[in-house]
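Take a look at the structure set out below.
The values are calculated or read from the model by the stated rules, or taken from the named source; none is laboratory data. Note that the structure is predicted; figures quoted are calculated from it, not measured. Virtual Cβ from ideal backbone geometry, glycine too; neighbours counted across all protein chains shown.
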């Protein structure tokens, strides 16, 4: 799969044959560093178009993955995540009527998620360009960090006009929830909730690819 987004995320290529999809990742961290992680890929806004595409063999010269292929990839990702020490209660759901796919799990420390993503990359479930060392947490120092990721601008610039259109209306949302109260953060693009226990970052996926918006943030707790 030569299309850039398929190099980014091999697991769910069907969802990325349309420009109207949302990615939501959510982290809920307790004071002791344990917590919950979830990832939702939602292309329901394009379900009519995707239903038509799913009946085709190819589109724009690219093979259209079938439902069984997508299910097999997701099931393999679930199995790998379940094998990672510190990760438990792994759940996935696949709604092929509305094109919504969810993965959730519990972790003993947020770095377990990094390890899980590394395992997925090692098994070619994730594309080589997906960042994996995303989070760090230090409960004793009362800090939580979303690490800096590399820019994909040079790869984007090499895309055809048709492939670039995939990103036109695609959205990304990151939600961070904490048991502790946030004292400060290094990236004020994250919207802090009134109770200072949650924050949200959202924008067009293209803005993050080109680093017009940054995901990195260092959070200090009271």
Selection over region 105-120 where residues are buried (at least 17 other Cβ atoms within 10 Å of the Cβ) and under 26 Å from residue 72 (Cα atoms) yields a count of 10
With respect to residue 140, is the statement that it is on the phi < 0 side of the Ramachandran plot, assigned to a strand (DSSP E or B) and surrounded by fewer than 12 Cβ atoms within 10 Å (Cβ to Cβ) true? no
Per the filter on region 98-132, residues assigned to a loop (DSSP other than H, G, I, E, B), under 13 Å from the mean Cα position of the chain (by Cα) and under 21 Å from residue 175 (Cα atoms) are 130, 131, 132
Of the residues in region 203-222, those that are within 15 Å of residue 27 (Cα to Cα) and either crowded, with 16+ Cβ neighbours inside 10 Å or in contact with a helix residue (DSSP H, G or I) (Cβ under 7 Å, 6 or more places away or on another chain) (or both) come to 215, 217, 219
Restricting region 202-222 to residues that are more than 21 Å from residue 33 (Cβ to Cβ) and assigned to a strand (DSSP E or B), the one modelled with the lowest pLDDT turns out to be 204
